[in-house]
1. Read through the list (1) more than 26 Å from D137 (Cα to Cα); (2) open to solvent by less than 90 Å² (accessible area, probe 1.4 Å), then give the number of the only condition that I7 fails.
2. When the stretch 29-38 is examined, which residues are found to be without any contact (Cβ under 8 Å) to a residue 40 or more places away in the chain and open to solvent by less than 100 Å² (accessible area, probe 1.4 Å)?
3. Kindly establish whether E117 is of a type in the set (D, E), open to solvent by 30 Å² or more (accessible area, probe 1.4 Å) and within 30 Å of S147 (Cα to Cα).
4. Tell me, which residue of the stretch 312-336 that is part of a loop (DSSP other than H, G, I, E, B) and at pLDDT 90 or above is least open to solvent (accessible area, probe 1.4 Å)?
5. Within the stretch 181-209, which residues are modelled with pLDDT of 90 or more and outside any strand (DSSP E or B)?
6. Scan the stretch 1-25 residue by residue and report those that are charged (D, E, K, R) and either touching a His at 6+ places or on another chain (Cβ under 6 Å) or in a strand (DSSP E or B) (or both).
7. Is the stretch 145-157 home to any residue that is hydroxyl-bearing (S, T, Y) and surrounded by 17 or more Cβ atoms within 10 Å (Cβ to Cβ)?
8. Looking at the stretch 292-311, which of its residues are under 37 Å from the mean Cα position of the chain (by Cα) and surrounded by 12 or more Cβ atoms within 10 Å (Cβ to Cβ)?
Amino acid sequence: LSFSFPIKRDAMFYAYYDMFAQRPNFGQSFAPISNYYFLENASNTVLPNPELKPARRTDYKIGYKQFIGKFGILNLTAGYAEVRDDINLVQIDQAYPRSYITYGNIDFSTIKSFRAEFAHTTKSMRLTAAYLLQFADGTGSNANSASALIQANQPNLRSLYPLAYDIRHKINTTASFNLHSLATGGFMCIFENSQLNLFTNTQSGTPFTALVNAIPEAQNLGVVSRSQIKGNPFGSRIPWTSTVDLSIVKSLPVKGHPVDLQLNVTNLFNLRTVYDVYSYSSSATDDGFLSSPQGQQQIANELNAQSYVDYYSLKLNNPNNFGNPRVVSLTLRTTF
């Protein structure tokens, strides 16, 4: 549901309301009778819940749009969204024939945002810039985030913390240039029917929970290593990230059919983007375990200390902590 009305000839106010629901997935809600029949002797006590309700999200937005001169548009939007009946793990104590863990509609979250956009469009170019300020807080970031609370014997503890996708600041810019005007003859004819696009994306880091003690992230000891958290849950953030992408499109008519030759370059300046860090060291390359007192003791107990350090460092090098390097691709596209 949305509506708008003009304030004056070159400005307007608008409002937006939306509500949608998301059903639980198959693994959270489908519970065959065998799950209950073998419950007493089952090693896995997490049961699906056929009575789960859909999670409901409600969005409210108000905005103001203003034309600036002949070519510019300024758009300001304030938004508020709330999620109710979100799904997370709950523990059922003193049940028959044994206590078990299942899924319940116990989580909620709120997302508050402000967005400012500016666009400048002429015959030969289009420039846009957008800034987003967002605060996303809730009692759980995913359907299994309460497992640590259950294992800590605090299954009913519910506190508002930043969600895993809480990006406080995000800046996007695009610049599109029509190069056809540069085709003045001779060698410059290569710019005929050509377009250059630049995209930049800069954003603040997502939250993570820092730890007081080092844990062996790259080693499976057969037991779960735990540490006291440092500060508040999700109270630390990974570094800011920034990428620049380039796209050049050249249109060529071939036997009456349009053919587009496109060059794409993602991460144009080959910047290192960090998407995840280790909780103790706040570094994407080193978890800090080898240099910690616990790690030094572990190294001293190994048969070959240098071999242990080398293999541990090799396993620690996780490419998923980083974004992609520069990637260049060339595509040819036509229709007939």
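1. Just one mismatch for I7, condition (2).
2. Within the stretch 29-38, A31, P32, S34, N35, Y36 qualify.
3. In short, no.
4. Step by step, filter the stretch 312-336, then rank; the result is G323.
5. S204, G205, T206
6. K8, D18
7. So in the stretch 145-157, the residues hydroxyl-bearing (S, T, Y) come out as 145, 147.
This time we only want the ones that are surrounded by 17 or more Cβ atoms within 10 Å (Cβ to Cβ), so: 145.
Yes.
8. S292, Q294, G295, Q296, Q298, I299, Y308, V309, Y311
The values are calculated or read from the model by the stated rules, or taken from the named source; none is laboratory data. Computed from a predicted model, the values in this text were never measured in an experiment. Positions of Cβ are backbone-derived with ideal geometry, glycine not excepted, and every protein chain shown enters the neighbour counts. The area values use the complete protein model at the heavy-atom level, side chains included, leaving out ligands, DNA and RNA. Shrake-Rupley method; radii C 1.70, N 1.55, O 1.52, S 1.80 Å.
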